[in-house]
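The values are calculated or read from the model by the stated rules, or taken from the named source; none is laboratory data. The model shown is predicted, which means the values in this text are computed figures rather than measured ones. FYI the Cβ positions are ideal-geometry reconstructions off the backbone, even for glycines, and counts take in every protein chain you see.
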Amino acid sequence: MTRPRPSDWIVLALLVVVWGSAFAGLKIAVAHIHPLWNTVFRIWIGVATLAVVLALRRQAVPPLRDPAWRVYAITGFVGMSAPFAMFAFAAQHIPSAVNSMCNGASPIFTAVLAHLFVAGDRLTPAKAAGVGLGFLGLAMLVAPELAAGVSLEAAGLAVAIAGAGLYSFANVLIKRSPTVSPTVGALMMCLWAGVFALITAAVLAPPPAWPPLSSLLAVAALGVFPTALASIGYVYLIQRRGPLFMSMAIYLAPLWATLLGVVFMGERPGWPAFAALGLILGGVALTTFARPAGAGKG
């Protein structure tokens, strides 16, 4: 494979910034918008953005009888509507930096699920060590809150970690889904996720009041950038450079999110959170860049 072009590095840097900034935006949005309605607005803004992209590229979605719709219905729930709501709930009770640390563990869960369900993607000793290191980091992250007893902060951490687990299920499902163009697949997933999110919010949450401008701008940015446009950049890097190159954005994003939380939002995570971040990132690095099972020394 050829060396990365400057444009590849630019897209990678943009993904780090967009994904890492999403948690600060989420913190601002849920200050005045219920987590379930925040999820609804975010996803449907993403749908509108992707529809514009499809129109500009003159692409069409497949008919409803296409089996891809059924697969993306599942991924829309486990990969968007449910985890988006879970991270929004967590944002009400834990710092945005800690929320992003929980999300940064999703490759750890993906490695375990891929070992179980994806042929040819088995855990090597190095990957298994990375999984163990990542789970040790998660344990260090939640231990102080659990030691203090049941609280909303502990619940927020648990929900955020569960959301990262759902993202990993979606990663495995997408690997096994019918092939469609990246933008079409993203739109199909967003459409299903928007339907699920709207039904859930209508049943479980009161009608939203008109929020202040800060929350409106935050949820609009969440819909346009990390929900819609980042998915296109994600697929672009997968196609251009492969998953290993793209994965650098996954574990660099929590570093950017932590910087934003400390500098601009006045968050001060304790030393256990930073130690946990180091363990999680080390675990992700091992599971991502370990030599595949059966690979020679070259």
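Listing for the model above:
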{"item": "Thr183 vs. criteria β-branched (Val, Ile, Thr) and farther than 18 Å from Phe77 by Cβ", "result": "yes"}
{"item": "Test result for Val52, more than 13 Å from the chain's Cα centre (by Cα), free of Cβ contacts under 8 Å to residues at least 12 places away in the same chain and part of a helix (DSSP H, G or I)", "result": "yes"}
{"item": "Spans of helices (runs of 4 or more DSSP H) in the range 207-298 with at least 2 residues at pLDDT below 80 and under 19 Å from the mean Cα position of the chain (by Cα)", "result": "230-241, 243-264, 271-289"}
{"item": "Helices (runs of 4 or more DSSP H) (entirely within the range 68-130) containing at least 3 residues that are modelled with pLDDT of 80 or more", "result": "68-76, 82-91, 96-103"}
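Every residue, every condition in (1) in contact with a helix residue (DSSP H, G or I) (Cβ under 9 Å, 6 or more places away or on another chain); (2) at positive phi; (3) in a helix (DSSP H, G or I), yes or no:
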| position | (1), (2), (3) |
| --- | --- |
| Arg3 | no, no, no |
| Asp8 | yes, no, yes |
| Gly20 | yes, no, yes |
| Lys27 | yes, no, yes |
| His32 | yes, no, no |
| Leu36 | yes, no, yes |
| Thr39 | yes, no, yes |
| Arg42 | yes, no, yes |
